[in-house]
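Below: the structure, in structure tokens.
The values are calculated or read from the model by the stated rules, or taken from the named source; none is laboratory data. Since the structure is predicted, the reported quantities are computational estimates derived from the model, not experimental observations. Note that we place each Cβ from the backbone using ideal geometry, even for glycine, and neighbour counts take in every protein chain shown. Surface accessibility is based on the protein's heavy atoms, side chains included, excluding ligands, DNA and RNA. Shrake-Rupley method; radii C 1.70, N 1.55, O 1.52, S 1.80 Å.
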Amino acid sequence: MHELSLAEGIRDIVEETATMEAATRVRRIVLEIGALAAVDADALRFCLDEVLSDSIAEGAEVDVIEVPGRGRCRQCGTLAPIDERHTPCPSCGAYGLEVLEGDRMRVQAVELE
């Protein structure tokens, strides 16, 4: 389960941010997770509950913003929503859409006290 290592990385980012800002508590963490990022949001939330316990972010609210996938056809240039990496172009049927959005996960915001 790679969500555990992702949760540990998020914890490190959050703790570093809290230290830099001299915060006493983390109230909220906002994550962006792309539809093509291969991250199970529920499993990540579960792992975050574990890795954030006994930290400055224990009990912090975790909000997930889902970012839809979007790609461009390398053959005809059509822009299209995609929910899988190997989706054919809706215009010409060609495979190999270039992924433009939705393949990343990032910490968008950390709300501190």
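So the values come out like this:
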quantity: Yes/no for ARG45 being open to solvent by 70 Å² or more (accessible area, probe 1.4 Å), modelled with pLDDT of 95 or more, within 21 Å of GLY59 (Cβ to Cβ) and in a strand (DSSP E or B); calculated: no
quantity: Flag for ILE29 being part of a strand (DSSP E or B), more than 14 Å from GLU113 (Cβ to Cβ) and either out of contact with any strand residue (DSSP E or B) (no Cβ under 6 Å at 6 or more places or on another chain) or touching a residue at least 24 places away in the same chain (Cβ under 8 Å) (or both); calculated: no
quantity: Count - residues of the range 1-33 that are touching an Asp or Glu at 6+ places or on another chain (Cβ under 9 Å), among the β-branched types (Val, Ile, Thr) and loosely packed, with under 13 Cβ neighbours inside 10 Å; calculated: 1
quantity: Index of the failed condition, PRO88 passing every other in (1) over 23 Å from ILE13 (Cα atoms); (2) in contact with a strand residue (DSSP E or B) (Cβ under 9 Å, 6 or more places away or on another chain); calculated: (2)
quantity: VAL110, sole failed condition from (1) surrounded by fewer than 14 Cβ atoms within 10 Å (Cβ to Cβ); (2) touching a residue at least 40 places away in the same chain (Cβ under 8 Å); (3) of a type outside the set (Ser, Thr, Tyr); (4) closer than 16 Å to ALA7 by Cα; calculated: (1)
quantity: Answer from ALA38, ALA57 - the residue that is buried (at least 18 other Cβ atoms within 10 Å of the Cβ) and outside any helix (DSSP H, G or I); calculated: ALA57
quantity: Flag if GLU66 is open to solvent by 60 Å² or more (accessible area, probe 1.4 Å) and assigned to a strand (DSSP E or B); calculated: yes
quantity: Residue in the range 81-113 that is modelled with the highest pLDDT, counting only those that are within 22 Å of ALA57 (Cβ to Cβ) and assigned to a loop (DSSP other than H, G, I, E, B); calculated: ARG104
